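Everything on this sheet refers to the single structure shown next.
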Amino acid sequence: MTSVMLTAMLVLFAASVPVALAIGIASLIGIEGYTRFPLIVAAQQIYIAMDKFPLAAIPFFILAGNLMDVGGISRRLVEFAKSIVGGVQGGLPATCVVTCMIFAAISGSSVATTFAIGAIMIPALVKAGYPVAFAAALQATAAELGVIIPPSIPMILYGVSTQTSIPELFIAGFGPGFLIGGALIVTVLIWCRLKGWGKNDGDDRLPFGRALKQAGFALLMPVVVLGGIYGGITTPTEASVVAVVYAILVGMFLHRELGWRDLYPIFRKSVISSSVIMFIIACAALFSYLLNRQGVPDAAAAWLVETFDSQGMFLLGVNLFLFLVGMFVETSASIIVLAPILAEAAQRFGVDGVHFGTVMVVNLALGMITPPFGVNLFAAAQVAGTSIDKMMPHLVIFIAVIFACLMVITYVPAITLSLPQMVFR
């Protein structure tokens, strides 16, 4: 049954069937062809999978990101970041990275970060003389920090799938997020000096004090959201609701850039985006249930233990496997299906669950900027009005930088675990 389901799913992927439908159809083939279960089991398992309180954080974080985009918070974050790093050659691309890092601490979504920040940064980069393809590739790459720096929707999914502490996963993401962000900043600064780009990036830059005052309420948002979680005041789900309320209040009554008429299109866009993710989660959960019934997680974990003779080789093999998976399968579906299997194997090798979850999320985030199905690529190409093939020469360098960071994160657990151990253990 397992081989038939996997084959059906891959064939449907190749036929360009949407990810959720491909997984759902493969699951129904498994139920009808190889079990005596009535089809009502599909509805039952989907309901059980969706009836989890932490999942409610996903639509609220998506909504908060869209509200920030329209409410002027994104633009103020860009001006603030530019006041910090925009005064050097290559400062504008560095501003893009820093802004994505700040926005990531609020939105939890890489696609939301791509659209919200890209709509401001890509035109600014092009106006300053940077190639369109470079601007789009940089924005797509920097936006993946939206799922690494907390709050993170994929980390929520990993925590739900493996019963790992979501607050610990969140705080573990800071180290990898800052490492990748710093590496990208150094890369673009060196790149711009070699190419001779960005010599006038400091023009029209606001003084730091003025930019800080202007972005004060925007910068307070991550403090409110994450402070509530780590202070034990709110759960991640409750914090997502706080983020929505805060974004509405700031956008409507303080910045006064968000009007009542803006709410309907924002809510509509957020509902559509949330529905797509939730549908993938539901179908992937049914697929995962059938695999569990067949004993696939235990068998796969045992095979991995027998195949790899050390923790280091296991982590290398898993990283290469996840990198290939991320190129073809959507991140949410990959986590729901693979996390329980791989986490069990990792536990047998003595890998910390929080560390492994962070490595898995960072790795699959790479899939958001790798062809053929990188969602950030499509979003950035749409904003920039360019094509993905033109972005590829620039993407290769960014992908290499992030993969190098992934290896460091994988084999230096302290980068991930130092903060959780200080706060929770």
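The values are calculated or read from the model by the stated rules, or taken from the named source; none is laboratory data. All of these numbers come straight from a predicted model, not from anything done at the bench. Neighbour counts run over all protein chains shown; Cβ positions are idealised from the backbone, glycine included. These accessible areas exclude ligands, DNA and RNA; they are computed on the full protein's heavy atoms, side chains included. Shrake-Rupley method; radii C 1.70, N 1.55, O 1.52, S 1.80 Å.
Key figures
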read-out	value
Separation between Cα centres of region 302-357 and region 1-35, rounded to whole Å	22 Å
For the chain, accessible area per residue (1.4 Å probe, heavy atoms of protein chains only), Å²	40 Å²
0 to 90° range, to nearest 10: angle between helix 2-14 axis and the chain longest Cα axis	40 degrees
Taking N as its residue count, the alpha carbon Rg of region 255-407 over 2.2 N^0.38 Å	1.26
Solvent exposure ordering (accessible area, 1.4 Å, most first) of 325, 245	245, 325
Rounded accessible area of residue 407 (nearest 10 Å², 1.4 Å probe)	40 Å²
Of the trypsin sites (Lys or Arg not before Pro) in region 186-284, those whose Cβ has at most 16 other Cβ within 10 Å and which sit in DSSP loop	199, 256
Protein accessible area in the chain, 1.4 Å probe - carbon and sulfur %	66 percent
Whole-number D in µm² s⁻¹ for region 147-296, Kirkwood Cα-pair radius fed into Stokes-Einstein, 10 °C, 1.306 mPa s	83 µm²/s
Pairs of alpha carbons in the chain whose separation is greater than 37 Å (percent)	21 percent
Expected 222 nm ellipticity per residue - DSSP helices of 4 or more, -39500 (n - 2.57), all of the chain, to 500	-25500 deg cm²/dmol
Heavy-atom SASA rank of 394, 355 (probe 1.4 Å, accessible area, largest first)	394, 355
